[in-house]
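The values are calculated or read from the model by the stated rules, or taken from the named source; none is laboratory data. Bear in mind the structure is a predicted one, so any value in this text is a computation, not a measurement. No Cβ is skipped: glycine too gets one built from the backbone with ideal geometry, and neighbour counts run over all protein chains shown.
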Amino acid sequence: MEPTAGQGSSSTDISNNASSSSHAHSSAGSHSISAAQPVAVSSVAPLTKAEMKRAKAVSDAIDRALRADRERLMKERGAKLLILGPSETGKTTVLKQLKLLYGRKGLDAERQTYRRVVHLNAMKAIQALSYGLQRSNIPLEHPENIAHLETVMRLETTLKRYSITSLGFTNPAIPRKITDAKAETDMFLEMVPAIKALWNDEGIKQTFRTGGSLNLQDSAKYFLDSIDRIAEPNYIPTDDDILQARVRTLAVSEHLFNIDGVNYRIFDVGGQKSLRKYWAPYFDDVNAIIFMCALSAYDQPCEDDERQNRLAECLSLFNSIANHKLFEMTSFILFLNKIDIFQRKLESGSLLRDHFPAYKGENDYASATDFIHEEFLGQCKDTSKQVYVHFTHATDTKQMRVIVLAVNAIVQRLNLRSSGLL
Ligand SMILES: Nc1nc2c(ncn2[C@@H]2O[C@H](COP(=O)(O)OP(=O)(O)O)[C@@H](O)[C@H]2O)c(=O)[nH]1
Ligand SMILES: [Mg+2]
């Protein structure tokens, strides 16, 4: 079972214990780095000035040796970068952007498989809206659309068998069986007339407008608006379709990139609480972490715990990552993502203070982002810890191009500085 969150302590199950390759600073240790054997400090009498000086020299030497080690590893294997954060914050989207910007084949390798994902996303979206309409007792504008509503409901159990999570093996979008793909396409084509009719029905539109609690994916409108195009027999997903499509990531995956001459090993992880226990084995020798937060989640409950606010849970996860022993020397880059949805929500009158009573400012984008930014920085116990913050729109390739270059510059600069070259 996952620990439930919210009572002061961290809501995550990420162990903060140093693993075998962690470094133990010791004031009385040897000059070599004996990472596996932390040296106990027994304090019989207070240290003299000379002893303290010597101890500091030893500690500094250990630091230098560790940094040189990291530098060598980074050169040999490439900079190791983890993309961490809760579910649906945009981690896999950032990875897709990296593939588009720096991969040899862009997103071509997964284009065909994403056809299924797009169809599944559209079907899930209309189902969530249909349930929302029924739950809220909103009448259909055209009563004859009841037949379409029934089609959508009838296909729900079948759709469950093709749940998007079942696509997520090592490559998040490899289909389990080809026959599944055929069955899904048939089901999708059967559902298309219902999707079209319902999406045009004022009752469903009203459900969409009022539907904060529907657990609708952010891309629901994008795919429902594109239903004619995605139902074409020869439909092939565009890059934007793939960026909008949502597949739940289950396994940790590693990807190699060369960004302006620097080699990177980048790891994408599953963000759900139940999957976080699989992160820890990747925590050694990390050069940089991109931690992702969805700003727009400030008014949403957690997927797996209705009582908890998503943004609050994200802050708590950031707390455990930013203060993790193994990340003392890791560069932190914080992506405050989904700025487009965040801005739209604020402008539509949704109040930040309704969900974060500590917020006393105006409900405008600038003040609200300042507040959340400060909340994140306030999680770092080491107040001198530098966290590089970017306000991102991860589905926007143009913006991500600029941001990725900035991140690359930070990782390079910090690495040079830590190796004493700057
Ligand atoms: N509108 C908008 N949608 C986004 C943004 N970033 C990610 N998304 C969408 O959010 C959903 C979840 O993204 P994903 O990368 O799968 O999240 P992950 O669970 O953290 O890997 C996908 O449908 C993305 O298209 C953003 O900045 N703006
Ligand atoms: Mg993901």
Which condition number does Glu88 fail, the rest of (1) touching a strand residue (DSSP E or B) at 6+ places or on another chain (Cβ under 9 Å); (2) not in a loop (DSSP other than H, G, I, E, B) being met? (2)
Taking the options Ala245, Ala251, Ala294, name whichever one is of a type in the set (Gly, Ala, Ser), at negative phi and more than 10 Å from ligand 1 (Cβ to nearest atom). Ala251
Got at least one residue in the range 114-122 being of a type in the set (Gly, Ala, Ser), more than 10 Å from ligand 1 (Cβ to nearest atom) and assigned by TED's automatic domain parsing to the domain that holds Leu159? yes
Need the failing condition index for Ile236 against (1) modelled with pLDDT of 95 or more; (2) surrounded by fewer than 16 Cβ atoms within 10 Å (Cβ to Cβ); (3) within 29 Å of Cys314 (Cα to Cα), just the number. (3)
More than 16 Å from ligand 2 (Cβ to nearest atom), in a helix (DSSP H, G or I), over 30 Å from Phe208 (Cβ atoms) and not assigned by TED's automatic domain parsing to the domain that holds Ser296, is that true of Leu101? yes
Give me the strands (runs of 3 or more DSSP E) completely within the range 251-345, filtered to those with at least 2 residues that are of a type outside the set (A, V, I, L, M, F, W, C), ordered by residue number. 253-259, 262-268, 331-337
Out of all the residues in the range 91-145, which are polar (S, T, N, Q) and surrounded by 17 or more Cβ atoms within 10 Å (Cβ to Cβ)? Thr92, Thr93, Gln97, Thr113, Asn121, Gln127, Ser130, Asn145
Quick check on my filter: what residues within the range 208-254 are of a type in the set (A, V, I, L, M) and within 16 Å of ligand 2 (Cβ to nearest atom)? Ile242, Leu243, Ala245, Val247, Leu250, Ala251, Val252
Scan the range 64-88 for residues that are more than 13 Å from ligand 1 (Cβ to nearest atom), of a type outside the set (Lys, Arg) and in contact (Cβ under 8 Å) with a residue 40 or more places away in the chain and jot them down. Leu66, Ala68, Glu71, Leu73, Met74, Gly78, Ala79, Leu81
Complete set of residues in the range 229-246 that are part of a helix (DSSP H, G or I) and free of Cβ contacts under 8 Å to residues at least 12 places away in the same chain: Arg229
Looking at His373, His355, can you tell me which residue is in contact with a Phe, Trp or Tyr (Cβ under 7 Å, 6 or more places away or on another chain) and either outside the structural domain of Thr397 (by TED's automatic domain parsing) or farther than 27 Å from Glu254 by Cβ (or both)? His355
Within the range 251-278, residues being surrounded by 14 or more Cβ atoms within 10 Å (Cβ to Cβ) and small (Gly, Ala, Ser) number 4
Selection over the range 89-110 where residues are within 12 Å of ligand 1 (Cβ to nearest atom) and at pLDDT below 95 yields a count of 0
Within the range 96-142, the residues that are of a type in the set (D, E, K, R) and over 14 Å from Leu224 (Cβ atoms) are Lys96, Lys99, Arg104, Lys105, Asp108, Glu110, Arg111, Arg115, Arg116, Arg135, Glu141
Those residues of the range 380-405 that are out of contact with any strand residue (DSSP E or B) (no Cβ under 8 Å at 6 or more places or on another chain), of a type in the set (Ser, Thr, Tyr) and surrounded by 11 or more Cβ atoms within 10 Å (Cβ to Cβ) come to a total of 2
